[in-house]
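Below is one structure; the comments refer to it alone.
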Amino acid sequence: MKQNLQDYLTNLWLGIKNNTRYLLNVKTKGNELKITEDYNTVFIDCFELDYKEKWDYEIFWPNPFHPEYLIQWTDSNQIEQWTNKQKNEHHIKLNASTKPMFFESISYVIPNAIGVIRTKKSWKYGIFQITAKLPKGKHLWPAIWLAGYKSWPPEIDILEGYSRNNDNYKELTTCIHYRDSNKIHKSFPSKNHRLPIDVCENFIEYSLHWEKDFIKIYYNGYLVLHVRDKKYLNGMFEPQQLILNNACEEKFSETNRTPFIIEKVKILQKFE
């Protein structure tokens, strides 16, 4: 059986399985992510110290905006480090706000400011675990993703959430961007996933298990995507940085929205 057909059938089965969990409100079964003893923690952040020690706050260089998506710019003021010393709780809160800014280099006013953090280090392969609560509001676009620092693609989207005209997310999306043998950008088809609990009211663990022979993505331990096809895996040709952002869509309004809250980030790799 060809790997692309195998991947298709596997992900079709996963979709049926996870939709069944969603419809039946199954919360605890299917904790399938297993971390073996040959993995070692190489990065951990519970945000007790200044986030700038391990993270940058911009993803575009040399400008704080994407030249083809002039609706938002990255603003360090949208990043809030929150601490409750009595309960020993620490979070990073990423906001999205209406904050028009004129950029002389393009003679254009970009209307919205967003919070973004990106790891200073990069990794190729490993287990990436992010515990987070998604923002609530209309036309939000929070994301948890990996991308190459020196070139794009590669990119692995662990999560993209589109709230559209709702205050919650009916579906969460995964996607993989890669370069084929002719160096042309292509992507693994986006997949939509559901969880049986409210992702805006509960902290969820979003995980990526990326090795030479596969990419697996888990939501709260539920396997939602499994890719084995070499044409996608070989397109992940360089180490990637982890990026977390609370982006917005074109009709974004900051009315009644909540921040994207990240509680913990942990990365593990196999012993060499």
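Rule-based calculations on the coordinates, nothing more; no lab input. This structure is a prediction, so every number in the text was calculated from the model and none was measured. Cβ atoms come from the backbone with ideal geometry, glycine included; neighbour counts cover every protein chain shown.
List of remarks:
- Annotation: lysines with alpha-carbon distance below 24 angstrom to residue 34 (same-chain offsets under eight excluded): 17, 124, 133, 191, 212, 216, 230, 264, 266, 270.
- When the chymotrypsin sites (Phe, Trp or Tyr not before Pro) in region 171-272 are filtered for DSSP coil states and for at most 14 other beta-carbon atoms within 10 Å of their beta-carbon, the remaining sites are 237, 271.
- One way to sum up the overall shape of region 229-272 is the equivalent ellipsoid from its Cα gyration tensor, whose semi-axes run 33, 18, 7 Å, largest first.
- Separation of the residue 10 and residue 198 label points, Cα + 7 Å toward Cβ, nm: 3.5
- Unit Cα scatterers, Debye sum, region 107-263: log10 I(q)/I(0) for q = 0.08, 0.10, 0.16 Å⁻¹: -0.23, -0.36, -0.90
- Residues whose amide H falls under 5 Å from that of residue 166, counting only those 5 or more places apart or on a different chain, are 139, with hydrogens built in the peptide plane.
- Scaling against 2.2 N^0.38 Å puts the C-alpha radius of gyration of region 1-124 at 1.51.
- Alpha carbon centroid spacing (whole Å) that separates region 210-244 from region 43-91: 24
- Rounded to the nearest 20 debye, dipole of the chain from Cβ charges on Lys, Arg, Asp, Glu: 680
- Total lysine pairs whose alpha carbons fall under 24 Å of each other in region 41-123 (8 or more apart, or interchain): 14
- Cα gyration tensor, the chain - rounded (a/c under 1.5), prolate or oblate: rounded
- Distant-in-sequence amide contacts of residue 247, defined by a placed amide H-H separation under 5 Å and a gap of 5 or more residues or a different chain, comprise 141, 143.
- Region 98-202, dipole about Cα centre (Lys/Arg Cβ +1, Asp/Glu Cβ -1), debye to the nearest 20: 300
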